[in-house]
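Trainee: I have a structure here, written as structure tokens, and I will follow up with some questions on it.
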Amino acid sequence: MASHIGKLPVAIPAGVEVTIEGQNFSAKGPKGSDSYVIPEGITAVVEGNEIVLTPADDLRPTRAKHGLSRSIIAGMVKGVHEGYAKTLQIVGTGYRATLKGKGIEFALGYSHTITVNPPEGIEFEVPNANQVIVKGTDKQAVGQVAANIRKLRAPEPYKGKGIKYADERILRKAGKAGK
């Protein structure tokens, strides 16, 4: 029995080139390129403009990785075609971000500024002093860099100050009750 997710074919959009050599999968598109090694026991085939993954046998470890492999490949194809982006908002008086070369310099209420340089394949955009956009082709890398930036000053529950995701809702707490 194969995975329900793994059975679904992955559509290849126009402008994306897919190469499968044995267990090595690579995708190349307008936003960049990425590669992945498909686990043993799973075969990938290009049929028309779709990628179909099939488990070679009915072994449990293969079935467990079938849907995961399909999801990773689908994410790669989307990443090289459209790219991924995470938007972060900076909330707080005096808290701001400025672009310094390829990196970002944050003023977050500490006695010093914090500089974050992008890893390979990641770009930063700063549309205004209170907003940072992390862009790239690798979904996992974009999410990890955004999480590392958020961790510099996580939002606090009383005033909501800190760095938060644009779509994140901060649960607020009531302060001290007066007499």
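The values are calculated or read from the model by the stated rules, or taken from the named source; none is laboratory data. Because the structure is predicted, anything quoted here is derived from the model rather than measured. Virtual Cβ from ideal backbone geometry, glycine too; neighbours counted across all protein chains shown. To get the accessible areas, we keep the full protein, side chains included, count just its heavy atoms, and leave off ligands, DNA and RNA. Shrake-Rupley method; radii C 1.70, N 1.55, O 1.52, S 1.80 Å.
Trainee: In the chain, what is the volume of the convex hull around the alpha carbon atoms, normalised per residue and reported in Å³? Write out the running numbers ahead of the final one.
Mentor: Values: hull volume 28.9 nm³, N = 179.
Per residue, the Cα convex hull of the chain comes to 161 Å³.
Trainee: Inverting the mean 1/r over all pairs of different Cα atoms, compute the Kirkwood radius of region 10-82 and quote it in Å.
Mentor: Numbers: mean 1/r = 0.0813 Å⁻¹.
One over the average 1/r among Cα pairs gives 12.3 Å for region 10-82.
Trainee: For region 7-96, what % of the accessible area comes from carbon and sulfur atoms, probe 1.4 Å?
Mentor: Heavy-atom surface of region 7-96 belonging to carbon and sulfur, 1.4 Å probe: 51 percent.
Trainee: How far, in degrees from 0 to 90, does helix 139-152 lean away from the longest principal axis of the Cα atoms of the chain, to the nearest 10?
Mentor: With both axes taken from Cα atoms, the answer is about 20 degrees.
Trainee: Per residue, how many Å² of accessible area does the chain show with a 1.4 Å probe? Working shown, then result.
Mentor: Details: 10860 Å² over 179 residues.
Averaged over the residues of the chain, the accessible area is 61 Å².
Trainee: Over the chain, with a Gaussian network built from C-alpha contacts below 10 Å, which listed residue (V77, V142, V91) shows the highest mean-square fluctuation?
Mentor: In this elastic network of the chain, the residue with the biggest mean-square fluctuation among V77, V142, V91 is V91.
Trainee: Taking Cα atoms, how many degrees apart are the long axis of helix 60-81 and the longest axis of the chain, rounded to 10 and kept between 0 and 90?
Mentor: That helix lies at roughly 70 degrees to the long axis.
Trainee: Work out which GluC sites (Glu not before Pro) in the chain are exposed loop sites (DSSP not H, G, I, E or B, at most 12 other Cβ within 10 Å) and give the longest gap free of them.
Mentor: The longest such stretch corresponds to 41-119.
Trainee: Which of the lysines could a cross-linker span from K176 if the Cα-Cα distance has to be under 22 Å and same-chain partners fewer than 8 positions apart are dropped?
Mentor: Within the straight-line cut-off, K176 pairs with K159, K161.
Trainee: While we're looking at this one, here's another question. Percent relative contact order of the chain, based on C-alpha pairs within less than 8 angstrom and at least six residues apart?
Mentor: 18
Trainee: Express in whole angstrom the spacing between the alpha-carbon centres of region 125-179 and region 76-109.
Mentor: If we compute the Cα centre of each part, the gap is 10 Å.
Trainee: Given a 10 angstrom Cα cut-off, can you work out which residue in G22, G79, G67 is the most mobile in a GNM of the chain?
Mentor: Maximum among the listed residues: G22.
Trainee: Moving on to the next point. Helix-only estimate, please: 222 nm mean residue ellipticity of the chain, summing -39500 (n - 2.57) across DSSP H runs of length 4 or more and dividing by its residues, to the nearest 500.
Mentor: Mean residue ellipticity at 222 nm (helix-derived): -7000 deg cm²/dmol.
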